[in-house]
Amino acid sequence: MIGIVNFGLGNLGSILNSLNQIDCSAKILENPKEIKNSDRLILPGVGSFKVGMKNLIKNNWDEYIYEHTKKNKPLLGICLGMQLLFEWGIEDGGTKGLCYFKGKVDKMKLNSGRKLPHVGWNKLNFYNKHPIFKNISDHIDYYFIHSYECIPSNQSDIVSKTDYNNEFVSCVSNGFSVVGTQFHPEKSPPNGLKILKNFSKWNGEC
């Protein structure tokens, strides 16, 4: 069963509907103790890094998420959910993240002619392979909406980057059971649904 973490900032309905479309057993988790019954977790999120971490810590979601991944059970962070996997978010004065990835989350730096937030469909340029992209063609467009970008300290954590005036990191993996996408698979059919299907079968090994 895939548990969708409800910490108050997620796009929960569309993720659950997408998982139902591909016949995946899924549930929106209202209590962190429910994580124990989940084979896989999705950490969604739309909004502020600072508020996101505050909500995770307030109800001890972070502790149960750590226990989940210690067992090498898969975790997928989507959009803000991916950003929260990093050590530090610059937004609103700076906040410590979940620290699955070394590095920070900072506001996107754009040249003239581009605006924030970055909204729309863009391709992925792959730097490493990952099981969630199994049997999916390269250079497919996926849906993005964000103003901040992840800046990993370790280049080996980067699965893909995307061009929006400057290149930014659009997918990361720690080489074990944790992966993050800056884009929204649930809003990017049909290939985004294939990513979720692959995640539902992924055993946490790369």
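Rounded to the nearest 500, the helix-only mean residue ellipticity at 222 nm of the chain stands at -6000 deg cm²/dmol, with each DSSP H run of n ≥ 4 adding -39,500 (n - 2.57). Taking amide H as placed 1.01 Å from N in the peptide plane, Lys102 has its amide H under 5 Å from the amide H of Ser153, Asn154, each at least 5 places away in sequence or on another chain. Overall form of segment 64-182: oblate. Here a/c, set by the Cα gyration tensor axes a ≥ b ≥ c, is 1.5 or more, and a/b is not larger than b/c.
Anisotropy class assigned to segment 100-167 is oblate, per the alpha carbon gyration tensor with a/c at or over the 1.5 cut-off and a/b no larger than b/c. The magnitude of the dipole of the chain, with charges of +1 and -1 set on the Cβ of Lys/Arg and Asp/Glu and taken from the Cα centre, is near 80 debye.
Stretching Leu110 away from Glu87 to a fully extended chain increases their span by 6.0 nm, per 0.36 nm per residue minus the current alpha-carbon distance. Rounded to the nearest 20 debye, the dipole size of segment 98-202 about its Cα centre is 120 debye, using +1 on the Cβ of Lys and Arg and -1 on the Cβ of Asp and Glu. Taking only alpha carbon atoms, the chain gives an Rg to Rh ratio of 0.93, where Rh is the Kirkwood radius. By the beta-carbon count within 10 Å of each Cβ, the least crowded to most crowded order of Cys79, Cys206, fewest first, is Cys206, Cys79. The slack in the chain from Ile151 to Asn191, taken as 0.36 nm per residue of separation less the alpha-carbon distance, amounts to 11.9 nm.
Taking other Cβ atoms within 10 Å as a rough exposure proxy, Val51, Val119 sort from fewest to most as Val119, Val51. Each of His130, His68 was scored by other Cβ atoms within 10 Å of its Cβ. Listed from fewest to most, they are His130, His68. Each 10 Å bin from zero holds the following percent of Cα-Cα pairs in segment 144-199: 21, 52, 26, 1.
Applying the criteria of a DSSP loop state and at most 12 other Cβ atoms within 10 Å to the trypsin sites (Lys or Arg not before Pro) of segment 70-135 yields Lys71, Lys109, Arg114, Lys115, Lys129.
Of all lysines in the structure, the ones whose alpha carbon falls short of 23 Å from that of Lys194, not counting any fewer than 8 places away in one chain, are Lys27, Lys73, Lys123, Lys129, Lys134, Lys161. The simple Förster model, with R0 at 35 Å and r as the Cβ-Cβ distance, assigns Ile22 and Tyr127 a FRET efficiency of 0.85. Electrostatic tally near Tyr64: other residues with Cβ closer than 11 Å to its Cβ, Lys and Arg +1, Asp and Glu -1, net -1. Modelled label positions at Ile57 and Asp141, each set 7 Å beyond Cα in the direction of Cβ, lie 4.0 nm from each other. Model label sites at Lys102 and Glu67, defined 7 Å from Cα along the beta-carbon direction, differ in position by 2.9 nm.
Values in this text are rule-based calculations from the coordinates and carry no lab data. Just so we're clear, the structure is a prediction, and the values are computed from it rather than from any experiment. Note that we place each Cβ from the backbone using ideal geometry, even for glycine, and neighbour counts take in every protein chain shown.
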